[in-house]
Amino acid sequence: MTKKFIFRSNQQIGAAAAELDEHYLNQCFIDTGDIEIISDCCDPRLILVGRTGSGKSAIIRQLNESEEHVINIRPESLSLTYITNSQILQFFIEAGVKLDIFFRLLWRHIFCVEILKEKFQITSEEKKKSFIDHLWSIVPKNKKNDAALNYLRTWGESFWEETEYRIQEVTTKLEKDLTASIEGEVPKVAKLSAGTARKLTEEQKENVITRAQTVVNSVQIRELTNVMELLDEILATNSQQHYLITIDKLDEDWIEDQFRFRLIRALIETSIDFYSNVKNVKILVALRSDLLDRVLRYTRDSGFQEEKIRTSCLDLVWNQNQLTEVLDSRINVLVKNQYTKDRVTYKDVLPEKIGKQPTIEYMVDRTLLRPRDIIQFFNECIKTSDGKSVISQKSLLQAEGTYSKERLRALFDEWFGLYPNLEHLYTLLRGKKEVFILENISDDELSNNYLELLTSGRGKSGLDMDLVKMVFDNQINIDNYRINIVHIFYKVGLVGLRTEKGNPISWSHITGTNVSSSEITETTRIYIQKTFYRVLGVTDGINTED
């Protein structure tokens with residue numbers, strides 16, 4: 001096989017994004033058991049959580065291929081910018097009114113409509129008009145069902161409009177009700193905005209909150225609860241028919257953060273609500289790990305139960321055998337389709353060892369245990385092996401240099417929302433040994449690093465900049481600052497931590513962030529993740545020139 005096959009630098013075994021990876025995903029999807037869990041309407045895990053590149057979008061794509069009733073909702077198609085652009089809502093949010101109930105109303109409304117449309121295949125004007133009459137004829141007559149059907153009748157034709165239209169209609173009604181509730185309290189009611197809210201007196205603000213919160217709390221959640229119960233009754237007649245609603249790409253900038261976090265939390269709570277109250281329906285939410293952390297951090301309030309949300313999460317975790325299977329399946333497609341009928345694996349095209357370590361272990365060690373990493377590593381190996389039938393040790397090590405830089409750049413992008421200055425802070429790890437302790441990051445290094453960030457004018461607002469300002473203003477000492485910076489490095493995956501001798505190394509990409517900053521002491525051993533050895537200048541005894 002290897003005598004016939006020649007690598008070309010423009011070849012790849014897949015793309016970084018699932019939507020661009022159709023050719024390989026169709027032939028190479030590796031099911032680690034997550035599909036069965038996530039599609040089971042009796043399993044409470046409905047939030048698909050993983051770091052970027054861990055396969056969330058690929059799983060949702062596979063669900064579309066394997067399940068009959070899958071409804072995909074794209075955040076950008078909801079046109080929720082209508083909400084964020086509402087000067088009236090901006091006014092009430094700035095004044096201190098909580099809109100969480102309204103956001104849950106929106107999601108409930110969207111989900112109820114989408115499930116009814118899918119269940120009854122409401123695709124024509126004729127079916128829209130006859131639908132309510134049909135329901136009247138098949139559902140038992142009682143107070144709750146009558147209320148649910150009256151809700152559907154109230155919305156009439158607009159109930160079946162595109163989601164964007166429905167969101168605008170519901171939001172417009174709330175705007176009118178809110179504005180009416182404070183008439184006479186705020187001058188020039190027609191010109192409400194966030195700026196207007198900042199000019200309110202404390203007394204005015206209290207009155208606005210009291211009146212407006214009453215309006216928000218009275219939105220039609222009760223009526224939609226009746227619709228949900230009606231849905232449950234209808235769907236229970238065929239227990240074998242399941243409906244999945246998937247929502248992906250929530251990490252993209254579809255709306256600004258102050259609304260996005262609240263809407264995502266409302267989405268999660270509504271999805272859990274549906275799981276608890278409507279059988280045979282499951283709302284599946286794909287979330288990047290760091291985005292979930294930000295939602296939980298920035299929307300925390302009294303009565304908030306993080307444990308309830310965490311219980312609903314399915315964390316995507318990969319091991320070496322599974323990543324090897326990912327690599328083998330894609331290499332096989334690249335080579336087999338054109339050159340051989342025999343199955344081709346990494347053993348046919350990669351050297352047996354790098355130094356004294358098996359090559360596949362060497363490569364997996366230099367990933368954060370995600371399919372995207374191993375795919376990108378091999379793609380770089382292809383580029384350095386142009387015109388050759390196998391990838392040599394020299395070519396692999398050359399590819400590793402580029403791969404290491406690209407993975408660091410991807411890390412900056414992944415964590416930009418929480419730590420926008422990571423691109424500057426990471427330089428504290430340059431030139432460090434593969435294992436070191438806290439004191440190896442000196443006071444001078446820390447001071448020079450944060451002063452350069454402050455004086456350069458390139459610093460960006462974020463949690464990391466908050467720390468920089470705190471140490472500069474003497475709100476925390478340099479030792480505490482050092483611990484917090486190392487904890488950031490640990491959380492994003494740059495380093496692992498061994499807090500006590502005999503304990504295993506904790507890697508956040510494997511176990512989550514299970515070491516707190518308070519556990520980091522002067523005896524804690526810090527291990528640089530091997531993905532970043534080359535870009536950080538860490539030597540591991542392997543001659544890259546061989």
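In this simple spin-label approximation, residue 203 and residue 297 carry label points 7 Å from Cα along the Cα→Cβ vector, and these lie 4.0 nm apart.
Please state the shape class of region 192-244: rounded when a/c is under 1.5, otherwise prolate if a/b exceeds b/c and oblate if not, all from the C-alpha gyration tensor.
prolate
Stretching the chain fully between residue 72 and residue 191 yields a gain of 39.1 nm (0.36 nm per residue, less the alpha carbon separation). With Cα atoms defining each centre, region 33-86 and region 99-133 are spaced 19 Å apart in the structure. Could you calculate the FRET efficiency of residue 120 with residue 22 from 1/(1 + (r/R0)^6), where r is the beta carbon distance between them and R0 is 22 Å, rounded to 0.05? That pair, residue 120 with residue 22, gives E of 0.10.
Using the beta-carbon distance between residue 433 and residue 217 and R0 = 35 Å, what value does 1/(1 + (r/R0)^6) give for FRET efficiency, to the nearest 0.05? Plugging the Cβ-Cβ distance into 1/(1 + (r/R0)^6) gives 0.05. Which trypsin sites (Lys or Arg not before Pro) in region 83-142 pass both tests, a DSSP loop state and at most 12 other beta-carbon atoms within 10 Å? The qualifying sites are 141.
Just how many % of Cα pairs in region 366-469 lie over 17 Å apart, if you round to the nearest whole percent? Walk me through the intermediate numbers first.
Values: 3438 of 5356 pairs.
When every Cα pair of region 366-469 is considered, 64 percent fall beyond 17 Å.
Only lysines eight or more places from residue 394 in sequence, or on another chain, were considered; those with a Cα closer than 16 Å are 353, 356, 383.
Taking every C-alpha pair closer than 8 Å and separated by at least 6 residues, the mean separation divided by the residue count of the chain gives a relative contact order of 21 percent.
For residue 314, the residues whose modelled amide H falls within less than 5 Å of its own, excluding neighbours fewer than 5 places apart on the same chain, are 46, 47, 48, 49. Cα axis of helix 143-155 to longest principal axis of the chain: angle in degrees, 0 to 90, nearest 10? Here the helix axis deviates by roughly 80 degrees.
Computed extension length for residue 317-residue 540: 77.6 nm, one decimal, from 0.36 nm per residue of separation with the Cα-Cα distance subtracted.
About the Cα centre, and with charges only on the beta carbon of Lys, Arg (+1) and Asp, Glu (-1), how big is the dipole of the chain? Nearest 20 debye, please. Before the final figure, lay out the partial values.
Working: 71 positive and 81 negative charges, 131 e Å.
With Lys and Arg at +1 and Asp and Glu at -1, about 640 debye.
Distance between the modelled labels on residue 454 and residue 153, one decimal in nanometres: 6.8 nm (7 Å Cα→Cβ projection). For residue 177 and residue 356, what does the FRET efficiency come to when R0 = 60 Å and r is the distance between their Cβ atoms, rounded to the nearest 0.05? Calculated transfer efficiency: 0.25.
Projecting the Cα atoms of 154, 137, 42 onto the dipole axis of region 1-158, where Lys and Arg carry +1 and Asp and Glu carry -1 at the beta carbon, places 154 farthest toward the positive end.
Rounded if a/c is under 1.5, else prolate if a/b is larger than b/c, else oblate: which is region 455-509, with a ≥ b ≥ c the root eigenvalues of its Cα gyration tensor?
Working: a/c = 3.87, a/b = 1.85, b/c = 2.09.
Oblate, because a/c is 1.5 or more while a/b does not exceed b/c.
Entry note, the chain: the mean residue ellipticity at 222 nm calculated from DSSP H runs of n ≥ 4, each adding -39500 (n - 2.57), is -16500 deg cm²/dmol after division by the residues and rounding to the nearest 500.
Looking at region 391-434, the chymotrypsin sites (Phe, Trp or Tyr not before Pro) that sit in a DSSP loop and have at most 16 other Cβ atoms within 10 Å of their own Cβ are 416.
Ignoring lysines fewer than eight residues from residue 199 along the same chain, the ones with Cα atoms less than 17 angstrom from its Cα are 188, 191. Using all pairs of distinct alpha-carbon atoms, the Kirkwood hydrodynamic radius of region 207-324 works out to 16.9 angstrom.
Please sort 191-201, 506-516 by packing, taking for each peptide the average over its residues of neighbouring beta carbons within 10 angstrom, highest first.
Working: 191-201: 14.9, 506-516: 16.9.
Listed from highest to lowest mean packing, they are 506-516, 191-201.
For region 381-441, the alpha carbon positions stretch 46, 28, 12 Å along the principal axes, listed from largest to smallest. Here the chain carries DSSP beta bridges of which approximately 35% are antiparallel, counting only pairs with both residues inside.
Hey, what's the chain come to in accessible area per residue, 1.4 Å probe, Å²? Before the final figure, lay out each step's value.
Numbers: 25330 Å² over 546 residues.
Heavy-atom SASA per residue in the chain reads 46 Å².
Set the Cα radius of gyration of region 407-546 against 2.2 N^0.38 Å, with N its number of residues, and you get 1.03. Where does helix 56-66 land angle-wise versus the long Cα axis of the chain, in degrees 0 to 90, nearest 10? Once rounded, one gets 70 degrees.
Think of region 394-546 as a dipole: +1 on every Lys or Arg Cβ, -1 on every Asp or Glu Cβ, centred on the Cα centre; then among 477, 517, 411, 411 lies furthest on the positive end.
Given their separation in residues at 0.36 nm each and the Cα-Cα distance between them, residue 386 and residue 521 gain 43.8 nm when the chain is fully extended. Counting only protein heavy atoms, what percent of the accessible surface of region 428-528 is carbon or sulfur at a 1.4 Å probe? Of the solvent-accessible surface of region 428-528, carbon and sulfur hold 45 percent. In terms of its alpha-carbon gyration tensor, region 1-92 comes out oblate; a/c meets the 1.5 threshold, while b/c is at least as large as a/b.
Among the GluC sites (Glu not before Pro) within region 286-356, those in coil by DSSP and having at most 14 neighbouring Cβ atoms inside 10 Å are 352.
The values are calculated or read from the model by the stated rules, or taken from the named source; none is laboratory data. Not measured: the values here are computed from a predicted model. So basically every Cβ, Gly included, is an ideal-geometry build from the backbone, and we count neighbours across all protein chains shown. Heavy atoms of the whole protein, side chains included, go into the accessibility calculation; ligands, DNA and RNA do not. Shrake-Rupley method; radii C 1.70, N 1.55, O 1.52, S 1.80 Å.
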